[in-house]
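Asks: Have a look at this one before I ask anything.
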Amino acid sequence: MRHAAWRLVFSWRGLSGLAALIAAGALILGQAGAAAASPAARARAVSPAGPARAAAAAAYIPPQRLLKLGMHGPAVRRLQLRLAALKYYPGAADGRFGLATLEAVWAFKEVQGYPVNFANEDVVSRATERALVHPRSPRVLVPRGGGMRIEVNKNDEVLVLYKRNKPELISHVSTGAGCLPGQGCGWNTPDGNFRTLSFAPGWVTVPLGFMYNPVFFIGTKYAIHGEYNSSVPFYPASHGCVRIPFDIANFFHKLVKIPGTPVYIRG
């Protein structure tokens, strides 16, 4: 049986996913929505802006207590601002430690070389807090791959979107599982050099299930996409696609050129 904290993540993801799905549906129908819930606003939130985010980038003081999923308060907001300043996506800087913030923490841990497991999945460790003061940058996979490019590091389960050769967005991902219970083996995300080919808005039905806002890079089979509920765990679990958090899937396609953005996958 999975760790109890993971079941808590499931419940948080269901709430977050439902809110995102409502916002995405309103956008598709052309209805006006709150700016904070819109994909465009979320895309703008990826880049630090304003004195608060600048201050968060300049200095970060670890809190006295360990932060974890479900907490709220000024310390959580400072964590969110710091992650956003470093180009991770923690969601709105509202002081609430929800799933978007958790997945940003996962991505940060993975870049720093800290393993994420069932024992620490919902906690910002002391080592992670110290690393937020002096963080390590993501390992560059293809230094001359183009000013705008997407790099997927399967060893770390991290995606980095570069613009002008600098990280614009760093996200946790879940890539091919290799083997899946009851489904056999061979579910691998292919290594190689690809390009974004097409984008399909909303939910797309494929032979192996559903994709949300897929950005395809091999035909209409392999994509960078979101999935509803608990489909982006901290470990490889996909049939070969690159799964990204649902909230990020709401605006990821707006940050890249389609078609044409290079996609480099290594692992």
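Where a number appears in this text, it was derived from the coordinates with a stated rule and is not lab data. Note that this is a predicted model, so its numbers are computed, not measured. Counting neighbours? That spans all protein chains shown, and the Cβs are built from the backbone with ideal geometry, glycine included.
Asks: Packing-wise, with mean Cβ within 10 Å as the measure, how do 87-95, 111-119 rank, highest first?
Replies: Highest-to-lowest ranking by the protection proxy: 87-95, 111-119.
Asks: Now for a separate question. Give the order of R77, R164 when sorted by the count of other beta carbons within 10 angstrom, beginning with the fewest.
Replies: R164, R77
Asks: Does region 178-222 come out rounded, prolate or oblate, given a ≥ b ≥ c as the square roots of the eigenvalues of its C-alpha gyration tensor, rounded meaning a/c under 1.5 and, failing that, prolate meaning a/b above b/c?
Replies: Judged from the Cα gyration tensor, region 178-222 comes out oblate (a/c at least 1.5, b/c at or above a/b).
Asks: Taking amide H atoms as placed 1.01 Å from N in the peptide plane, list the residues 5 or more away in sequence, or in a different chain, whose amide H sits under 5 Å from that of R195.
Replies: Amide H neighbours of R195, under 5 Å, 5+ apart: V263.
Asks: Sticking with this one: Of K87/K254; K154/K254; K109/K154; K68/K166; K166/K257, which sit over 26 Å apart, Cα to Cα?
Replies: K68/K166
Asks: Mind sorting C185, C179 by how few other Cβ atoms lie within 10 Å of their own Cβ, fewest first?
Replies: Going from least to most buried by this count: C185, C179.
Asks: What shape does region 180-267 have by the C-alpha gyration tensor, where a ≥ b ≥ c are the square roots of the eigenvalues, rounded means a/c under 1.5, and otherwise prolate means a/b greater than b/c and oblate the rest?
Replies: Judged from the Cα gyration tensor, region 180-267 comes out oblate (a/c at least 1.5, b/c at or above a/b).
Asks: If you find the alpha carbon centre of region 200-261 and of region 101-137, how far apart are they in angstrom?
Replies: Cα centroid to Cα centroid, the span is 24 Å.
Asks: Please give me the summed charge of the neighbours of V204: other residues whose Cβ is under 12 Å from its Cβ, Lys and Arg +1, Asp and Glu -1.
Replies: 0
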